[in-house]
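Participant: Input: one structure, supplied below.
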Amino acid sequence: MRYLALLFALVATPALSASTPADGAAALLAQTAGRWQGELAYRDYQSNSWQALPVTVTIAAQPDQVTTIRTAQFDDGPKTGIVTITTVTMVDPAAATVAYASFRRSRAPDSGSAKIVSVVPGVDAAHWTMVTTERRGDGNDMAQVRETTMRAGDTMTTLKEVNPDGDKQDVWLPRNRSVLRRIGS
């Protein structure tokens, strides 16, 4: 019997060590499908204060179980009007990445791939934290970009922070955040 237990332990060990932070990420993101409402806030660098806009978000999980389509809408004032941003994301659990492409009228499409750094499960599938990072352009400079998404039931908060390459410091600066509440499926 103890040899059977030892054999099971040896067989199970490679599977456990092969897990990545991305394991389960696609399923967690798919479970955000539905309608959300809240605010999109950004840091005004001149006043160093947060400015917020009401936002509505619709997320649709796709049948492949790794792709979501997110449509966000907010009113950016009388000059710009209603802004619609459509983002398609795809989780690659083997590579521990989230590839994305975003589309917004009058702007070039934005695409990239972020590394899934951690996925911390909570008490159930509606409670978790996910952190991604990538190096990309930010303004006129390159920067490390970190996004932390926390889901707590019917509330989902995403904080985007940047660590500019040009300042030669290891300091993360908040760039924007969204705080959403689920309003429907």
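The values are calculated or read from the model by the stated rules, or taken from the named source; none is laboratory data. Just so we're clear, the structure is a prediction, and the values are computed from it rather than from any experiment. A quick note on method: Cβ atoms are made from the backbone with ideal geometry, for glycine too, and the neighbour counts reach across all protein chains shown. With ligands, DNA and RNA removed, areas are computed over all heavy atoms of the protein, side chains included. Shrake-Rupley method; radii C 1.70, N 1.55, O 1.52, S 1.80 Å.
Participant: First select every other residue whose beta carbon is under 13 angstrom from the beta carbon of Trp50; then total the charges, Lys and Arg +1, Asp and Glu -1.
Facilitator: Values: positive: Arg43, Lys160, Arg175, Arg177; negative: Glu39, Asp44.
Within the 13 Å Cβ shell, the charges total +2.
Participant: Name the lysines eligible as straight-distance cross-link partners of Lys79: C-alpha to C-alpha under 29 Å, and not fewer than 8 places from it in the same chain.
Facilitator: Lys160
Participant: Would you work out which of Thr71, Thr149, Ala22 lies farthest towards the positive end of the dipole of the chain? Charges go on Cβ: Lys and Arg +1, Asp and Glu -1.
Facilitator: Thr71
Participant: Between helix 2-17 and the chain, what is the angle of the helix's C-alpha long axis to the longest principal axis, kept within 0 to 90° and rounded to the nearest 10?
Facilitator: Helix 2-17 sits at roughly 20 degrees to that axis.
Participant: So, one more: How far is it, in nm, from the label point at Gln144 to the one at Ala101 when both lie 7 Å from their Cα along the line to the Cβ?
Facilitator: Going by the 7 Å Cα→Cβ label model, 2.9 nm.
Participant: Enter the accessible area of Leu159 (Å², nearest 10), with the probe set to 1.4 Å and all protein chains included.
Facilitator: For Leu159, the solvent-accessible surface is approximately 50 Å².
Participant: For segment 143-185, restrict the atom set to alpha-carbon positions and state the Rg and Dmax in Å.
Facilitator: Over segment 143-185's Cα set, Rg and Dmax evaluate to 13.6, 45 Å.
Participant: Quick one: ranking Met130, Met90 by accessible area, 1.4 Å probe, largest first, what do you get?
Facilitator: Values: Met130 10, Met90 95 Å².
Order by accessible area, largest first: Met90, Met130.
Participant: Under 14 Å from the Cβ of Thr133, count the other residues' Cβ atoms, weight Lys and Arg +1, Asp and Glu -1, and hand me the total.
Facilitator: Details: positive: Lys115, Arg135, Arg136, Arg146, Lys160, Arg175; negative: Glu134, Asp138, Glu147, Glu161, Asp165, Asp170.
Neighbourhood net charge equals 0.
Participant: Right, next: Could you tally the net charge around Ile82, taking each other residue with its Cβ under 11 Å from the Cβ of Ile82, Lys/Arg +1 and Asp/Glu -1? Don't skip to the end; give the middle numbers.
Facilitator: Working: positive: Arg105; negative: Asp75, Asp76.
Spelling it out: positives minus negatives among the neighbours equals -1.
Participant: Same structure again: Which trypsin sites (Lys or Arg not before Pro) from segment 152-185 combine a DSSP loop assignment with at most 14 other Cβ atoms within 10 Å? Write out the running numbers ahead of the final one.
Facilitator: Numbers: sites: Lys160, Lys168, Arg175, Arg177, Arg181, Arg182; in loops: Lys168.
Those that pass, being in a loop and sparsely packed, are Lys168.
Participant: Leaving out ligands, DNA and RNA, what percent of the accessible area of the chain is carbon and sulfur, probe 1.4 Å? Provide the component values of the computation, followed by the final result.
Facilitator: Details: 6520 of 11160 Å².
The computed percentage sits at 58.
Participant: Also, I was wondering about something else. Per residue, how much accessible area does the chain have with a 1.4 Å probe, in Å²? Walk me through the intermediate numbers first.
Facilitator: Working: 11160 Å² over 185 residues.
Ligands and nucleic acids excluded, the figure is 60 Å² per residue.
Participant: Assuming a ≥ b ≥ c are the square roots of the Cα gyration tensor eigenvalues, decide whether the chain counts as rounded (a/c under 1.5), prolate (otherwise, with a/b larger than b/c) or oblate. Kindly include the intermediate steps, with their values, before the conclusion.
Facilitator: On the way: a/c = 2.23, a/b = 1.64, b/c = 1.36.
Prolate.
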